[in-house]
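*Asks:* Here it is: the structure, laid out below.
The values are calculated or read from the model by the stated rules, or taken from the named source; none is laboratory data. Note that this is a predicted model, so its numbers are computed, not measured. Backbone-built Cβ (ideal geometry, glycine too); neighbour counts: all protein chains shown. Side chains are part of the model used for accessible areas, which takes the heavy atoms of the whole protein and leaves out ligands, DNA and RNA. Shrake-Rupley method; radii C 1.70, N 1.55, O 1.52, S 1.80 Å.
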Protein chains: 2
Amino acid sequence: MTRVLVVDDEPQILRALRINLAARGYEVVTAADGAGALRVAAEQRPDLVVLDLGLPDIDGVEVILGLRGWTSVPILVLSGRSDSGDKVDALDAGADDYVTKPFGMDELLARLRAMLRRGSGTEDEPLVSFGEVVVDLAATRVTVGGDEVRLTPTEWQLLAVLVRNPGKLMSQRQLLLEVWGPGYETAQGNLRLYMAQLRSKLEPDPARPAYFRTEPGMGYRFDP
Amino acid sequence: MTRVLVVDDEPQILRALRINLAARGYEVVTAADGAGALRVAAEQRPDLVVLDLGLPDIDGVEVILGLRGWTSVPILVLSGRSDSGDKVDALDAGADDYVTKPFGMDELLARLRAMLRRGSGTEDEPLVSFGEVVVDLAATRVTVGGDEVRLTPTEWQLLAVLVRNPGKLMSQRQLLLEVWGPGYETAQGNLRLYMAQLRSKLEPDPARPAYFRTEPGMGYRFDP
DNA sequence: CGGATCCCTGACGACCTCCTAACGAGGTGT
DNA sequence: ACACCTCGTTAGGAGGTCGTCAGGGATCCG
């Protein structure tokens, strides 16, 4: 299901969006300020963000930059100001669309559909296989020699990031950012632990990894 | 260069857009009606389309559908009508953004930048090759005759600096600064060491370097 | 309430990378 | 011919990084 994060400090707008989005079959998570937006985004991993610029704590552009630091999720900005400068600042900070209040709900929904359509166009090849292992990214399922292997949520996220970048070296910072979200850039012991668990579950010889190679001092690389 | 197709039947708008886009470094091609738009798009393959909905021959939504039949190029719709229904129809037909006239030129340009930024997510990998060696800067990988070569972080940084400046003489000071950072400008013994390791791993005859040449008293030069 | 699962933290040994130092080779100017 | 400088090579120790194990806290479920 498509998950949408709605960020607004006005309860009535939050409620209106929640009702309309839920009626269209979206899963809705909300936040009332900038700090909450960044936290919820890191925890819930929405497929799209609707962001009001007039937040009580942080400037909206800062929120956009905070999100863009580690994710490329589509961002639709909602704002009461129709200033041309505000629009340019938000869009250049990394927003994908800008709608001024008051807005038509059907127009907003159409813009959301357009953004989601563009994002979902690049989702091909949900099946990745190497050796005895088959990874189904769409179904969140992993099999080794036909037998299903149970992965914890964190293990799965780590595997997904690696498998989506075959042959490419992923720095520890990059992996920590994409799996644990911002704020965990220094938890390298954690990354080592989960990499070991992944290898013990997927590698034929976990002591001598063949697919999930470590590049000392730099990061890890998935090599099919 | 980024190529933009502008479709409008009003000459003054066409002229204003052409001038502003050209001033920003875009290549501009134009069409004055729907049939021309489809023809020019097929011939010129623009990276982005700015489309006025009020065309004399074909309905704008039909033009969008005609484009979407064979290309996923981003489409920004320009329209005099601010009807909510028109927006929804155009967006659901496949448009990516919708701006109503009169529009601010800086806002329009910001929206174009946002659309182009999203599209360019799948950048091709920069590959540098010389002799048997292939350097993949995006994946952080080096192969010699097809076999992968393991490089330490410092070796890789040094190689990256050299490879990014082909044919250019890099002074020792410059190399030390870019690889080791400020404060190590005098550690020339270090630079000699890592240059030797790079040569022993990449050069066919490390004793007589062919690609990583040393200019006595000055620095080093990468010659593909 | 008890058990299970998952996530995080800390400690320890093994390994690897990095830096420093010393020595020889080659070129240059006096 | 000699001194001097720069470059290339080798060896060894210091420090950081990686993999592994054990233990505690949080959450979910029977």
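*Asks:* Scan the stretch A:75-87 and give yes if some residue there is within 14 Å of chain B (Cβ to nearest Cβ) and of a type in the set (Asp, Glu), otherwise no. Give the derivation first.
*Replies:* Kept after step one, since they are within 14 Å of chain B (Cβ to nearest Cβ), are these residues of the stretch A:75-87: A:75-77, A:79, A:81-87.
Retained after the next criterion (residues that are of a type in the set (Asp, Glu)): A:83, A:86.
Within the stretch A:75-87, one or more residues are within 14 Å of chain B (Cβ to nearest Cβ) and of a type in the set (Asp, Glu).
*Asks:* Please go through the stretch A:200-221 and pick out each residue that is in contact with a Leu (Cβ under 8 Å, 6 or more places away or on another chain) and either farther than 16 Å from A:Val161 by Cα or within 14 Å of chain B (Cβ to nearest Cβ) (or both).
*Replies:* A:Lys201, A:Tyr211, A:Glu215, A:Met218, A:Gly219, A:Tyr220, A:Arg221 - these are the residues of the stretch A:200-221 that are in contact with a Leu (Cβ under 8 Å, 6 or more places away or on another chain) and either farther than 16 Å from A:Val161 by Cα or within 14 Å of chain B (Cβ to nearest Cβ) (or both).
*Asks:* Could I ask something else about it? Out of A:Gln172, A:Gln197, which single residue is more than 28 Å from A:Val4 (Cα to Cα) and within 14 Å of chain B (Cβ to nearest Cβ)? It would help to see each step written out before you state the result.
*Replies:* On the way: A:Gln197 fails: within 14 Å of chain B (Cβ to nearest Cβ).
From the options A:Gln172, A:Gln197, the qualifying one is A:Gln172.
Each row is one residue, and each column tells you yes or no for (1) exposed (fewer than 14 other Cβ atoms within 10 Å of the Cβ); (2) assigned by TED's automatic domain parsing to the domain that holds A:Val50; (3) in contact with a strand residue (DSSP E or B) (Cβ under 7 Å, 6 or more places away or on another chain).
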site	(1), (2), (3)
A:Ala139	yes, no, no
A:Thr143	no, no, yes
A:Thr154	no, no, no
A:Pro166	no, no, yes
A:Gln188	yes, no, no
A:Leu193	yes, no, no
A:Leu202	no, no, yes
A:Pro206	no, no, no
A:Gly217	yes, no, no
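*Asks:* Any idea which of B:Ala32, B:Ala23 is under 24 Å from B:Gly104 (Cα atoms) and under 26 Å from the mean Cα position of the chain (by Cα)? Give the steps one after another, and end with the answer.
*Replies:* On the way: B:Ala32 fails: under 26 Å from the mean Cα position of the chain (by Cα).
Answer to the check: B:Ala23.
*Asks:* Still on this structure: Among the listed residues A:Ala37, A:Ala42, A:Ala32, identify the single one that is touching a helix residue (DSSP H, G or I) at 6+ places or on another chain (Cβ under 7 Å) and assigned by TED's automatic domain parsing to the domain that holds A:Met115. Even if it seems obvious, please write down each step before you answer.
*Replies:* Values: A:Ala42 fails: touching a helix residue (DSSP H, G or I) at 6+ places or on another chain (Cβ under 7 Å); A:Ala32 fails: touching a helix residue (DSSP H, G or I) at 6+ places or on another chain (Cβ under 7 Å).
None of the other options fit; the residue is A:Ala37.
*Asks:* Further question: Do you know which of the residues in the stretch A:98-121 that are within 7 Å of chain B (Cβ to nearest Cβ) and open to solvent by 20 Å² or more (accessible area, probe 1.4 Å) is modelled with the lowest pLDDT?
*Replies:* A:Gly121
*Asks:* Still on this structure: Every residue in the stretch A:158-185 that is farther than 29 Å from B:Val142 by Cβ and either within 11 Å of DNA strand C (Cβ to nearest atom) or out of contact with any helix residue (DSSP H, G or I) (no Cβ under 9 Å at 6 or more places or on another chain) (or both), please.
*Replies:* Initially, the stretch A:158-185 is screened for residues farther than 29 Å from B:Val142 by Cβ, giving A:180-184.
Within the stretch A:158-185, A:Trp180, A:Gly181, A:Gly183, A:Tyr184 qualify.
*Asks:* Now for a separate question. If you scan the stretch A:16-31, which residues turn out to be open to solvent by 50 Å² or more (accessible area, probe 1.4 Å) and more than 14 Å from A:Leu78 (Cβ to Cβ)? Reasoning before the result, please.
*Replies:* Taking the stretch A:16-31 first, the residues open to solvent by 50 Å² or more (accessible area, probe 1.4 Å) are A:18-19, A:22-24, A:27.
A:Ile19, A:Ala22, A:Ala23, A:Arg24, A:Glu27 - these are the residues of the stretch A:16-31 that are open to solvent by 50 Å² or more (accessible area, probe 1.4 Å) and more than 14 Å from A:Leu78 (Cβ to Cβ).
*Asks:* Return the pairs, sorted by first residue and then second, in which the second residue is exposed (fewer than 14 other Cβ atoms within 10 Å of the Cβ), the first residue lies in the stretch A:55-69 and is on the phi > 0 side of the Ramachandran plot, the beta carbons are less than 8 Å apart, and the residues are 6+ apart or on different chains.
*Replies:* none
*Asks:* Given the conditions (1) modelled with pLDDT of 95 or more; (2) within 20 Å of A:Thr140 (Cβ to Cβ); (3) within 14 Å of chain B (Cβ to nearest Cβ), which single one is not true for A:Pro224?
*Replies:* (1)
*Asks:* Only one residue in A:Val63, A:Val99, A:Val161 is β-branched (Val, Ile, Thr) and under 30 Å from A:Glu215 (Cβ atoms), so which one is that?
*Replies:* Numbers: A:Val63 fails: under 30 Å from A:Glu215 (Cβ atoms); A:Val99 fails: under 30 Å from A:Glu215 (Cβ atoms).
After ruling out the rest, the residue left standing is A:Val161.
*Asks:* Of the residues B:Tyr184, B:Tyr220, which single one is of a type in the set (Ser, Thr, Tyr), over 22 Å from A:Tyr220 (Cα atoms) and more than 32 Å from the chain's Cα centre (by Cα)? Full working, then the answer.
*Replies:* Working: B:Tyr220 fails: more than 32 Å from the chain's Cα centre (by Cα).
None of the others qualify; the one that does is B:Tyr184.
*Asks:* Can I ask one more? So is A:Val135 over 30 Å from B:Leu65 (Cβ atoms), in contact with a helix residue (DSSP H, G or I) (Cβ under 7 Å, 6 or more places away or on another chain) and open to solvent by less than 30 Å² (accessible area, probe 1.4 Å) or not? Steps first, answer last, please.
*Replies:* Numbers: over 30 Å from B:Leu65 (Cβ atoms): yes; in contact with a helix residue (DSSP H, G or I) (Cβ under 7 Å, 6 or more places away or on another chain): yes; open to solvent by less than 30 Å² (accessible area, probe 1.4 Å): yes.
Considered against the rule, which asks whether it is over 30 Å from B:Leu65 (Cβ atoms), in contact with a helix residue (DSSP H, G or I) (Cβ under 7 Å, 6 or more places away or on another chain) and open to solvent by less than 30 Å² (accessible area, probe 1.4 Å), A:Val135 comes out as yes.
*Asks:* If you go through the stretch B:89-97 one residue at a time, do you hit one that is charged (D, E, K, R), loosely packed, with under 15 Cβ neighbours inside 10 Å and either more than 8 Å from chain A (Cβ to nearest Cβ) or in contact (Cβ under 8 Å) with a residue 12 or more places away in the chain (or both)? Reasoning before the result, please.
*Replies:* Of all residues in the stretch B:89-97, those charged (D, E, K, R) come to B:89, B:92, B:96-97.
Restricting the remaining residues to those that are loosely packed, with under 15 Cβ neighbours inside 10 Å gives none.
Scanning the stretch B:89-97 turns up no residue that is charged (D, E, K, R), loosely packed, with under 15 Cβ neighbours inside 10 Å and either more than 8 Å from chain A (Cβ to nearest Cβ) or in contact (Cβ under 8 Å) with a residue 12 or more places away in the chain (or both).
*Asks:* Something else: For the structure I just gave you, tell me whether A:Gln157 is of a type in the set (S, T, N, Q) and more than 16 Å from the chain's Cα centre (by Cα).
*Replies:* Taking the combined requirement at face value, the residue does not satisfy it.
*Asks:* Next question, about the same structure. B:Thr143: within 28 Å of the chain's Cα centre (by Cα), within 10 Å of DNA strand C (Cβ to nearest atom) and at pLDDT 95 or above, yes or no? Can you show your working first?
*Replies:* Details: within 28 Å of the chain's Cα centre (by Cα): yes; within 10 Å of DNA strand C (Cβ to nearest atom): no; at pLDDT 95 or above: yes.
Taking the combined requirement at face value, the residue does not satisfy it.
*Asks:* Moving on to the next point. Tell me which of these B:Leu55 doesn't satisfy, since it passes every other one: (1) at pLDDT below 95; (2) buried (at least 19 other Cβ atoms within 10 Å of the Cβ); (3) touching a strand residue (DSSP E or B) at 6+ places or on another chain (Cβ under 6 Å).
*Replies:* The one condition B:Leu55 does not meet is (3).
*Asks:* Report whether or not A:Arg117 is closer than 30 Å to A:Val77 by Cβ, without any contact (Cβ under 8 Å) to a residue 24 or more places away in the chain and basic (Lys, Arg). If you could, list the steps in order and put the result at the bottom.
*Replies:* On the way: closer than 30 Å to A:Val77 by Cβ: yes; without any contact (Cβ under 8 Å) to a residue 24 or more places away in the chain: yes; basic (Lys, Arg): yes.
Here the answer is yes, as A:Arg117 does meet what is asked.
*Asks:* Hey, another quick one. Condition first: open to solvent by 30 Å² or more (accessible area, probe 1.4 Å) and in contact with a helix residue (DSSP H, G or I) (Cβ under 9 Å, 6 or more places away or on another chain). Now tell me which residues in the stretch A:67-81 satisfy that. Spell out how you get there, then give the answer.
*Replies:* Step one: list which residues in the stretch A:67-81 are open to solvent by 30 Å² or more (accessible area, probe 1.4 Å), which gives A:68-72, A:80-81.
Hits for the stretch A:67-81 are A:Arg68, A:Gly69, A:Trp70, A:Thr71, A:Ser72, A:Arg81.
*Asks:* Same structure, new question: What pairs come out if I take residues in the stretch B:187-209 that are of a type outside the set (Val, Ile, Thr) and pair them with residues that are within 11 Å of DNA strand C (Cβ to nearest atom) and at pLDDT below 90 whose C-beta lies under 8 Å away, six or more apart or interchain?
*Replies:* B:Asn190/B:Tyr184
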